[in-house]
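Engineer: Just dropping this structure here.
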Amino acid sequence: MENTNIFISITEAIRDGDSYDIAEMVQSSLDSGNDPYKVFNAMIAGLEQCGTLFEEKEFFLPDLIMAGEAFTTGMEVLEPHLAQTSIGQAGKVLLGTVAGDVHDIGKNLVGFLLKSAGFEVIDIGTDNDTEKFLQAVKEHQPDVLGMSALLTTTMLGMGDVIKTLNEEGLHEKIKVIIGGGPVSKRFAEEIGADAYASDAVEGVKKIKELIEC
Ligand code: B1M
């Protein structure tokens with residue numbers, strides 16, 4: 001299939017939650033010699049379209065669920081091709097999504113790129129309250145704690161985690177970076193995070209900077 005067409009088809013398959021065909025489409029696009037990162041961008045565009053249609057009330061919760069599942073299915077095929085840039089150990093990063101929030105696609109991408117860049121990644125999953133973050137920091141003693149939030153209601157939990165790290169004297173031992181749709185550089189500064197990243201690539205760059213300084 002001609003390049004532009006396959007990218008459009010991949011975007012539409014993710015948007016429409018087509019878990020059945022997406023794996024074959026991604027594989028066929030890679031077999032045709034397309035850049036894996038362009039395939040990846042086409043998949044992300046599908047999630048963005050799904051989110052827009054959800055906002056416009058044309059799509060509903062099951063559509064979001066199906067799009068998320070199709071994305072995960074596509075990533076299973078794509079991931080080994082993106083991972084080819086792997087290098088040595090660069091530091092330890094603890095990643096998690098905050099309490100009340102089950103969105104994990106963005107966090108997983110950050111984790112995936114970090115691993116590709118040679119970081120050890122401990123991913124504690126989704127829906128982590130302050131206590132869970134605190135326990136994980138004590139147990140794993142990471143160089144960097146990375147928190148993700150996709151909801152305006154859950155992002156506030158990030159501030160609670162940082163406040164508790166400060167109270168327990170743990171923030172002086174680790175750096176904290178935050179990311180996710182509703183958060184911003186300004187919000188990061190307000191809650192005392194050490195860095196903010198708008199996307200996964202910037203996340204890896206900022207984490208490298210945090211470890212170096
Ligand atoms: Co939800 N959802 N969702 N959802 N969902 C959003 C986020 C929403 C924007 C849709 C919309 O209205 N347009 C909206 C949030 C509105 C708001 O609060 N501002 C929303 C809503 C409302 C909800 C529910 C409340 C719906 C309901 O039940 N009525 C519900 C909440 C559930 C909960 O968490 N308690 C809900 C549920 C879900 C699903 C479970 C169905 C599914 C998630 C599946 C999963 O993650 N496993 C889902 C999905 C798929 C979406 C959309 C469509 C896509 C999110 C996504 O994965 N994007 C989303 C619409 C959208 O984003 N346009 C939407 C792709 C991903 C790569 O981007 O996660 O932003 P993102 O990550 C980026 C950057 O943000 C950054 O890097 C990533 C890669 O570049 N980043 C970091 C993220 N974390 C980082 C951490 C870092 C650094 C960078 O350092 C640590």
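The values are calculated or read from the model by the stated rules, or taken from the named source; none is laboratory data. Remember, predicted model here, so these are calculated numbers, not experimental data. We place every Cβ from the backbone using ideal geometry, glycine too, and count neighbours over all the protein chains shown. Surface accessibility is based on the protein's heavy atoms, side chains included, excluding ligands, DNA and RNA. Shrake-Rupley method; radii C 1.70, N 1.55, O 1.52, S 1.80 Å.
Engineer: Take the Cβ-Cβ distance between Glu172 and Ser198 as r, set R0 to 25 Å, and report the resulting FRET efficiency rounded to the nearest 0.05.
Structural biologist: Between Glu172 and Ser198 the formula returns 0.40.
Engineer: Ignoring ligands and nucleic acids, what accessible area does Ile174 show with a 1.4 Å probe (Å², nearest 10)?
Structural biologist: It works out to around 10 Å².
Engineer: Considering only Asn128, Asn166, Asn108, give the residue with the highest GNM mean-square fluctuation for the chain, with springs between Cα atoms whenever their separation is below 10 Å.
Structural biologist: Asn166
Engineer: Of the heavy-atom accessible surface of region 92-212 (probe 1.4 angstrom), what whole percent is carbon and sulfur? Numbers along the way, then the final one.
Structural biologist: On the way: 2790 of 5630 Å².
Carbon with sulfur: 50 percent of the solvent-accessible area.
Engineer: Going from most exposed to least, what order do Tyr37, Tyr20 have by accessible area with a 1.4 Å probe?
Structural biologist: From most accessible down to least: Tyr20, Tyr37.
Engineer: Just to check I understand the Karplus step: with θ = phi - 60° and J = 6.51 cos²θ - 1.76 cosθ + 1.60, what whole-Hz values come out for region 100-115, glycine and proline as x?
Structural biologist: Working through the residues one at a time gives x, 10, 9, 5, 9, 5, x, 4, 4, 5, 4, x, 4, 5, 4, 4 Hz.
Engineer: Now a separate question. Counting other Cβ atoms within 10 Å of each Cβ, which GluC sites (Glu not before Pro) in region 140-213 have at most 10 and sit in a DSSP loop? Numbers along the way, then the final one.
Structural biologist: On the way: sites: Glu167, Glu168, Glu172, Glu189, Glu190, Glu202, Glu209, Glu212; in loops: Glu168, Glu172.
Listed in order of number, the matching sites are Glu172.
Engineer: While we're on this one: List the lysines whose Cα lies under 30 Å from the Cα of Lys173, skipping any in the same chain that are fewer than 8 positions away.
Structural biologist: Lys92, Lys107, Lys115, Lys132, Lys138, Lys163, Lys185, Lys205, Lys206, Lys208
Engineer: Along each of its three principal axes, how wide is the spread of alpha-carbon positions in region 5-81, in whole angstrom units, largest first?
Structural biologist: Taking the Cα atoms of region 5-81, the three principal extents are 37, 18, 16 Å.
Engineer: In nm, give the distance between the simple-model label positions of Glu189 and Thr72, each being 7 Å from the Cα along the Cα-to-Cβ direction.
Structural biologist: 3.8
Engineer: Would you mind checking which residues have amide H under 5 Å from Leu95's amide H? H placed 1.01 Å from N; only 5 or more apart, or other chain.
Structural biologist: Hits under the 5 Å cutoff: Ile122, Asp123, Ile124, Gly146.
Engineer: Given the protein chains as shown and a 1.4 Å probe, how many square angstrom of Ser28 are accessible, to the nearest 10?
Structural biologist: 50
Engineer: Give the shape of region 64-190 as rounded, prolate or oblate, defined through the alpha-carbon gyration tensor: a ≥ b ≥ c are the square roots of its eigenvalues, a/c under 1.5 means rounded, and otherwise the shape is prolate if a/b is larger than b/c and oblate if not.
Structural biologist: It is oblate, given that a/c is not under 1.5 and a/b is not larger than b/c.
Engineer: On C-alpha positions alone, give me the angle between the axis of helix 130-140 and the longest principal axis of the chain, in degrees, nearest 10.
Structural biologist: 80
Engineer: For the chain, what relative contact order do you get, as a whole percent, if you take Cα pairs closer than 8 Å and at least 6 residues apart?
Structural biologist: 16
Engineer: Here is a further query. Leaving out ligands and nucleic acids, note down the accessible area per residue over the chain with a 1.4 angstrom probe, in whole Å². Don't jump to the answer; show the numbers that get you there.
Structural biologist: Working: 11030 Å² over 213 residues.
Heavy-atom accessible area per residue stands at 52 Å².
Engineer: How would you classify region 116-213 from its alpha-carbon gyration tensor, with a ≥ b ≥ c the square roots of the eigenvalues: rounded for a/c under 1.5, else prolate if a/b is greater than b/c, otherwise oblate?
Structural biologist: Judged from the Cα gyration tensor, region 116-213 comes out rounded (a/c under 1.5).
Engineer: Something else: For labels at Lys132 and Asn5 in the simple 7 Å Cα→Cβ model, what's the distance in nm?
Structural biologist: 4.5
Engineer: Next question, about the same structure. Just from its helices, what would the mean residue ellipticity at 222 nm be for the chain, if runs of 4 or more DSSP H residues each count -39500 (n - 2.57) and the sum is divided by every residue, rounded to the nearest 500 deg cm²/dmol?
Structural biologist: -18500 deg cm²/dmol
Engineer: What figure in square angstrom, to the nearest 10, would you give for the accessible area of His103 with a 1.4 Å probe?
Structural biologist: His103 exposes around 80 Å² with every protein chain in place.
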